[in-house]
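K.L.:
Here it is: the structure, laid out below.
The values are calculated or read from the model by the stated rules, or taken from the named source; none is laboratory data. Being a predicted model, the structure only gives us computed values, none of them experimental. Here the Cβ is made from the backbone with ideal geometry for all residues, glycine too, and neighbour counts use every protein chain on show.
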Amino acid sequence: MQSPLVIVGAGLGGLRAAERLRAAGWEGAIVIYGTEPHLPYNRPPLSKEALATGISHERLAYRRRPAIEDVQWRLEQTVESVDLDEHAVTLEDGTRQAYVGLVAATGVRPRRLPLDAPLEWRQTLRTIDDGIALRERLTEGGRLVLIGAGFVGSEVAATARGHGCDVHVVDPLPEPMTRAIGEMVGGELRRRHESHGVTFHLGRSVAAIEGDTAPRTVHLDDGQQLTADIVVEAVGSIPNVEWLDGNGLDLTNGVACDEWLRPLRADAPIPDVAAVGDIVRYVNPRFGGPPHRVEHWAMPTETAKPAAFALMAHLTGQPIDEEPFAPLPTFWSDQYDIRLQSFGLPELGLDDVRVLEGDLSDETAVGYHRDGQLVGVLMLGLSLRMKHYRTLLLEQLP
């Protein structure tokens with residue numbers, strides 16, 4: 001009996017990989033392992049509308065297509081390791097599962113700060129269970145300290161203000177979301193948050209958190225003390241790739257892959273393995289330069305297609321007839337009545353940021369340039385102009 005095709009990761013990446021493999025012609029068994037008890041669900045609303053109105057798996061679950069009705073979902077089962085030469089994964093309980101093909105779709109987990117304070121005092125926001133726990137605590141007059149002013153921190157700050165919380169945000173960088181969108185646009189978003197009552201402590205870090213059975217005081221590195229009922233830690237993420245260790249892969253910041261998302265070992269792709277979603281690090285031909293890892297919501301769906309084609313080419317003994325993977329990354333963020341929409345990789349052009357249209361204090365389109373070439377566009381509002389700027393960016397990229 002033929003071994004199944006195994007997908008490790010039961011999130012959006014695993015779901016889309018299964019769908020794409022069926023669409024590409026795979027008729028054999030597919031087994032998907034996931035650490036959480038839930039079938040795939042939509043994560044971005046956990047810091048936005050779902051956190052504001054209520055969180056449940058029923059509301060956030062993705063629809064599963066009929067083509068994958070026979071997929072075996074092995075939930076609450078963690079893959080501990082893999083032997084790529086023996087073509088088998090080993091579960092946490094020691095069970096070994098052989099595979100004919102493997103998809104790595106394990107996503108990321110929240111980064112934690114090395115603070116001398118219990119982890120349960122510092123909530124993270126990655127899973128439905130995280131969201132439910134936080135939603136119950138966002139009440140009128142609650143005192144929330146957010147560690148991290150990135151996208152998740154900024155979105156939670158906006159949602160918490162809508163619940164009437166007193167919100168303080170701490171970040172060592174000079175403006176919110178500096179690494180992703182630069183200081184100019186970050187400063188404008190800070191101004192908008194401050195107009196809604198958020199207090200920022202920028203250029204500062206958390207030195208300690210004190211309390212009895214729960215957090216009470218957050219101490220900053222400059223001696224300031226912030227009173228807190230709730231502390232949320234939103235300081236980035238770590239790729240879940242430890243289970244791939246010991247196989248000669250480059251696991252520095254995700255999994256180094258070739259242009260068809262096959263992990264590289266000694267610069268050679270492993271043909272019966274593919275990676276999808278947040279853990280993939282690859283060279284995008286549109287932008288060149290060193291490999292990038294992109295965590296945007298669309299990446300699991302976009303990476304699933306080339307990964308499935310590459311795997312099917314190997315399994316059927318056919319050449320890969322697809323173009324190399326060259327997406328145009330996109331992300332969005334909702335904060336108050338602000339819709340941020342971005343195309344490309346703005347982080348590559350933070351040294352040359354220009355307003356392309358509108359006014360920064362109102363609705364605007366901002367361009368990010370590398371060596372004079374447009375590499376990213378970020379829009380605040382201007383929803384009717386999104387198609388124009390997406391097309392403009394595609395025309396200017398190789």
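K.L.:
Suppose the filter is assigned to a strand (DSSP E or B) and under 28 Å from Glu80 (Cβ atoms); does Ile238 pass it? Even if it seems obvious, please write down each step before you answer.
P.N.:
Numbers: assigned to a strand (DSSP E or B): yes; under 28 Å from Glu80 (Cβ atoms): yes.
So Ile238 passes the test.
Listed here are the residues, each with its yes/no results for (1) touching a Gly at 6+ places or on another chain (Cβ under 9 Å); (2) at pLDDT below 95; (3) in a loop (DSSP other than H, G, I, E, B).
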site	(1), (2), (3)
His201	no, no, no
Ala207	yes, no, no
Gly223	no, no, yes
Val232	yes, no, no
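K.L.:
Would you list the helices (runs of 4 or more DSSP H) that sit entirely within segment 1-111 and hold 2 or more residues that are crowded, with 19+ Cβ neighbours inside 10 Å and of a type outside the set (Phe, Trp, Tyr)? Show your work before the answer.
P.N.:
Working: elements: 12-23, 49-53, 57-60.
The qualifying helices (runs of 4 or more DSSP H) are 12-23, 49-53.
K.L.:
Show the residue pairs meeting these rules: Cβ distance below 6 Å; 6+ apart or different chains; first residue within segment 170-185 and in the same structural domain as Met379 (by TED's automatic domain parsing) and in contact (Cβ under 8 Å) with a residue 40 or more places away in the chain; second residue surrounded by fewer than 16 Cβ atoms within 10 Å (Cβ to Cβ) and not small (Gly, Ala, Ser).
P.N.:
none
K.L.:
For residues that are in contact with a helix residue (DSSP H, G or I) (Cβ under 8 Å, 6 or more places away or on another chain) and assigned to a strand (DSSP E or B), tally how many sit in segment 209-221. It would help to see each step written out before you state the result.
P.N.:
We begin by selecting, within segment 209-221, every residue in contact with a helix residue (DSSP H, G or I) (Cβ under 8 Å, 6 or more places away or on another chain); these are 209, 211, 214-215.
Checking the rest, the ones that are also assigned to a strand (DSSP E or B) come to 209, 211, 215.
Counting residues in segment 209-221 that are in contact with a helix residue (DSSP H, G or I) (Cβ under 8 Å, 6 or more places away or on another chain) and assigned to a strand (DSSP E or B) gives 3.
K.L.:
Okay, moving on. Which ones in segment 245-267 are assigned to a strand (DSSP E or B) and surrounded by fewer than 17 Cβ atoms within 10 Å (Cβ to Cβ)? Please lay out each step first, then the result.
P.N.:
The initial filter retains those residues of segment 245-267 that are assigned to a strand (DSSP E or B), namely 249, 255-257, 263-265.
Passing the criteria: only Arg265.
K.L.:
Mind listing whichever residues of segment 127-144 are in a loop (DSSP other than H, G, I, E, B), in contact (Cβ under 8 Å) with a residue 12 or more places away in the chain and not aliphatic (A, V, I, L, M)?
P.N.:
Filtering segment 127-144 down to residues in a loop (DSSP other than H, G, I, E, B) leaves 127, 136-142.
Checking the rest, the ones that are also in contact (Cβ under 8 Å) with a residue 12 or more places away in the chain come to 127, 137-142.
Passing the criteria: Thr127, Arg137, Thr139, Glu140, Gly141, Gly142.
K.L.:
Please count how many residues of segment 206-224 are acidic (Asp, Glu) and surrounded by 14 or more Cβ atoms within 10 Å (Cβ to Cβ).
P.N.:
Step one: list which residues in segment 206-224 are acidic (Asp, Glu), which gives 210, 212, 221-222.
So of that shortlist, the ones also surrounded by 14 or more Cβ atoms within 10 Å (Cβ to Cβ) come out as 210, 221.
Looking only at that region, the number is 2.
K.L.:
Among the candidates Gln396, Gln335, single out the residue that is surrounded by fewer than 17 Cβ atoms within 10 Å (Cβ to Cβ), in contact with a Leu (Cβ under 8 Å, 6 or more places away or on another chain) and more than 28 Å from Ala23 (Cα to Cα). Spell out the reasoning first.
P.N.:
Working: Gln335 fails: surrounded by fewer than 17 Cβ atoms within 10 Å (Cβ to Cβ).
So the residue among Gln396, Gln335 that is surrounded by fewer than 17 Cβ atoms within 10 Å (Cβ to Cβ), in contact with a Leu (Cβ under 8 Å, 6 or more places away or on another chain) and more than 28 Å from Ala23 (Cα to Cα) is Gln396.
K.L.:
Got a sec? Which of Gly289, Gly277, Gly236 is closer than 26 Å to Pro44 by Cα, surrounded by fewer than 17 Cβ atoms within 10 Å (Cβ to Cβ) and small (Gly, Ala, Ser)? Walk me through it before giving the result.
P.N.:
Numbers: Gly289 fails: closer than 26 Å to Pro44 by Cα; Gly277 fails: surrounded by fewer than 17 Cβ atoms within 10 Å (Cβ to Cβ).
On inspection, the qualifying residue turns out to be Gly236.
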